[in-house]
Amino acid sequence: IDPSVAEEMENFEATFRGFSKRFRLINKIGEGTFSSVYKAEDLLYDHYENKWDIDYKQPASPTHPSSSASSHRHDDISYPARGPKFVAVKKIYVTSSPARIQNELALLHDLTGHPSVVPLITAFRHADQVVAVLPYFKHVDFRGYFRALTIPDVRLYFRSLFAALSHVHAHGIIHRDIKPTNFLYDYRCGRGVLVDFGLAEREGTDSQWCACQNTAVEKRDTRPPTMAGSVGYLKHDSRSSRRANRAGTRGFRAPEVLFKCTHQTTKIDIWSAGVILLTILSRRFPFFNSSDDVDAMIEIATIFGKQKMKQCAALHGCVFETTISTIGERGFTLEKIVLWATNRTATGSSKESKDDQKLPHDEAMAIRFLQKCFELDPAKRMSAEEALGHEFLNTQ
Ligand code: ADP
Ligand code: MG
């Protein structure tokens with residue numbers, strides 16, 4: 001263990017009186033924008049009568065957090081809730097707003113009970129420091145395996161991810177930050193778990209806390225974008241600014257997020273899941289590499305073409321104009337993009353070529369699935385429930 005991490009873990013154990021009687025911190029396993037995550041062992045595990053089974057189904061126990069709000073104590077650390085032997089201890093940074101922390105814990109609590117969504121075992125607080133305890137999930141870094149996935153592997157990955165999304169969306173919750181580091185997947189057993197509800201929100205509650213969140217995530221102009229490309233923003237824009245939740249990760253944001261639509265739905269998660277699929281099929285990570293929302297729009301426009309982007313902009317009361325020559329009227333098919341990205345075309349030019357290979361049957365099916373994730377109009381985009389019924393996820 002790195003000495004600085006060891007010191008950090010000692011400080012942590014010193015802050016929470018009694019913590020080390022129940023948990024032993026093993027190592028740091030994650031550090032994000034909003035938290036540090038440690039792997040820990042539950043020292044009382046062997047004393048539990050009702051151990052959680054391997055699927056982390058909830059034992060019929062009155063001490064489980066879903067049936068007992070009193071398990072969330074403040075400074076008095078009694079940690080009554082049971083979990084598996086190894087847990088992930090998520091220390092949420094004190095710079096996060098109390099509303100944001102409360103939101104994450106409440107949503108995790110409501111969603112507990114699905115095998116593909118991380119359950120909340122317990123949470124506690126000392127002064128302004130809040131900690132969530134989750135079951136530890138063994139997983140592998142996405143970049144280490146995504147290029148090796150076969151189509152049957154990809155099918156398993158997305159069955160698991162869309163099962164999680166369907167559960168989350170059925171609760172009217174938008175995750176808002178679907179990306180590989182928030183879906184812990186073990187490709188060896190085909191099991192994945194959705195984590196990180198730090199940016200999640202209930203559908204229709206957009207503006208409730210996004211003002212503080214926007215400052216936490218990124219400070220920037222929130223006027224509706226009208227010009228994409230080198231022409232840049234208008235210098236003296238007298239229009240009133242438009243506020244919309246833009247939380248999420250660059251490259252994974254749906255077009256309606258980029259266009260600052262104020263009525264965002266669970267469909268933004270479907271788009272982000274599509275970006276993961278495109279990454280896997282094209283064997284390129286990150287696939288989109290924009291530095292800001294205008295760049296991101298240019299990237300999307302390059303694929304879908306001006307015509308569709310203009311229609312999409314109109315849906316959100318925006319206008320899309322560009323002088324960039326690489327953005328064509330019609331764009332390119334996803335099949336073509338995957339063939340180029342994986343060097344399976346002779347030319348790499350946009351001209352129709354007789355040498356162009358076709359994708360094999362199963363990959364073509366994955367592309368048809370991807371098209372439904374990348375429907376620019378969120379109302380027409382496939383839902384998680386529909387995805388689970390799609391041929392791609394149901395072929396043996
Ligand atoms: P952040 O808001 O900081 O991104 P996350 O909840 O995404 O926090 O956790 C950060 C990282 O910690 C994850 O990408 C993952 O590597 C690791 N992690 C989080 N929860 C777990 C868990 N339950 N089991 C194993 N690793 C986890
Ligand atoms: Mg995360």
For residue 130, which sequence-distant residues (separation of 5 or more, or a different chain) have an amide H within less than 5 Å of its own amide H, given hydrogens modelled in the peptide plane? 92
Given a 1.4 Å probe, the accessible area of segment 240-396 per residue, as a whole number of Å², is 46
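Ranked highest first by average number of other Cβ atoms within 10 Å, how do 127-134, 282-289 line up? The partial results should precede the final answer.
Details: 127-134: 18.4, 282-289: 15.8.
Highest to lowest by the protection proxy: 127-134, 282-289.
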Can you give me the long-range amide H partners of residue 23? Hydrogens built in the peptide plane at 1.01 Å from N, cutoff under 5 Å, separation of 5 or more residues or another chain. 43
Among rounded, prolate and oblate, which fits segment 288-332 when a ≥ b ≥ c are the square roots of the eigenvalues of its C-alpha gyration tensor, a/c under 1.5 means rounded, and a/b larger than b/c means prolate? oblate
Other-chain or far-sequence residues with amide H under 5 Å of residue 30's (modelled H): 37
Over 28 Å between C-alpha atoms is what I'm after, so list which of 260/358; 90/380; 28/85; 91/380; 138/260; 28/260 land there. 260/358; 90/380; 91/380; 138/260; 28/260
Sort the following peptides by mean Cβ neighbour count (other Cβ atoms within 10 Å, averaged over residues), highest first: 324-332, 269-277. 269-277, 324-332
Heavy-atom accessible surface of segment 122-201: percent carbon and sulfur, 1.4 Å: 53
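Using a 1.4 Å probe and counting only protein heavy atoms, arrange 293, 2 so the residue with the most accessible area comes first. Don't jump to the answer; show the numbers that get you there.
Working: 293 5, 2 85 Å².
Descending accessible area places them as 2, 293.
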Vicinal HN-Hα couplings computed from phi for segment 97-108 (Karplus, 6.51 cos²θ - 1.76 cosθ + 1.60; Hz; Gly/Pro x): 6, x, 5, 5, 5, 4, 4, 4, 5, 5, 5, 4
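Counting only protein heavy atoms and a 1.4 Å probe, tell me what percentage of segment 244-396's accessible area is made up of carbon and sulfur. Provide the component values of the computation, followed by the final result.
Numbers: 3340 of 6790 Å².
After summing per-atom areas, the C and S share lands at 49 percent.
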If we count every other residue with Cβ under 12 angstrom of residue 320's Cβ, Lys/Arg +1 and Asp/Glu -1, where does the sum land? +2
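Once you list every other residue whose beta carbon is under 12 Å from the beta carbon of residue 1, what net charge do they have if Lys and Arg are +1 and Asp and Glu are -1?
Values: positive: 28, 39; negative: 2, 7, 8, 10.
Cβ neighbours under 12 Å give a net charge of -2.
The values are calculated or read from the model by the stated rules, or taken from the named source; none is laboratory data. Values in this document were obtained by computation on a predicted structure and should not be read as measured data. All Cβ positions, glycine included, derive from the backbone under ideal geometry; neighbour counts span all protein chains shown. The area values use the complete protein model at the heavy-atom level, side chains included, leaving out ligands, DNA and RNA. Shrake-Rupley method; radii C 1.70, N 1.55, O 1.52, S 1.80 Å.
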